[in-house]
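The values are calculated or read from the model by the stated rules, or taken from the named source; none is laboratory data. No experiment lies behind these values; they were computed from the predicted model shown. No Cβ is skipped: glycine too gets one built from the backbone with ideal geometry, and neighbour counts run over all protein chains shown.
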Amino acid sequence: MEHSKQYKKGHFIGIALAIGIPLGIPVGLATGNIAFGPLIGSIIGIITGIILEKTLNKKPVKTDEESEAKLKKIYKIGFIAGLLVLAGVITIYFIMKPV
């Protein structure tokens with residue numbers, strides 16, 4: 001069966017990560033280490049995504065420079081927002097921590 005539809009580069013990696021991380025959470029709960037599950041799920045998702053990317057998306061759609069610049073801007077904003085949320089969580093943790 002020939003797969004003729006083209007996707008952007010990394011399309012299947014993102015999908016596999018989005019599926020793998022939530023599926024790894026029960027593994028973390030079963031082992032008693034909640035951070036272990038999403039780690040295992042993300043590793044499995046990345047490996048599965050790379051395999052799917054190589055088999056189903058041999059010729060990815062090329063993006064123009066304008067959309068690449070827009071994506072870089074979105075990534076920077078998301079990274080900064082993530083850092084702010086992390087700083088807020090750490091601050092709240094240390095404020096609420098009993099002495």
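When the stretch 45-73 is limited to residues that are touching a helix residue (DSSP H, G or I) at 6+ places or on another chain (Cβ under 6 Å) and of a type in the set (Gly, Ala, Ser), the one that is farthest from Ile21 (Cα to Cα) turns out to be Gly49. Taking the criterion of being in a loop (DSSP other than H, G, I, E, B) and either touching a residue at least 60 places away in the same chain (Cβ under 8 Å) or within 19 Å of Leu71 (Cα to Cα) (or both), the residues of the stretch 7-42 that qualify are Tyr7, Lys9, Gly10.
All told, Leu52 meets the bar of being at pLDDT below 95, in a helix (DSSP H, G or I), surrounded by 12 or more Cβ atoms within 10 Å (Cβ to Cβ) and at negative phi.
Within the stretch 77-94, identify whether any single residue is of a type in the set (Ser, Thr, Tyr), within 22 Å of the chain's Cα centre (by Cα) and at pLDDT below 95, and answer yes or no. Show your work before the answer.
Residues of the stretch 77-94 of a type in the set (Ser, Thr, Tyr): 91, 93.
Then keep just the ones that are within 22 Å of the chain's Cα centre (by Cα); that gives none.
Scanning the stretch 77-94, I find no residue that is of a type in the set (Ser, Thr, Tyr), within 22 Å of the chain's Cα centre (by Cα) and at pLDDT below 95, so the answer is no.
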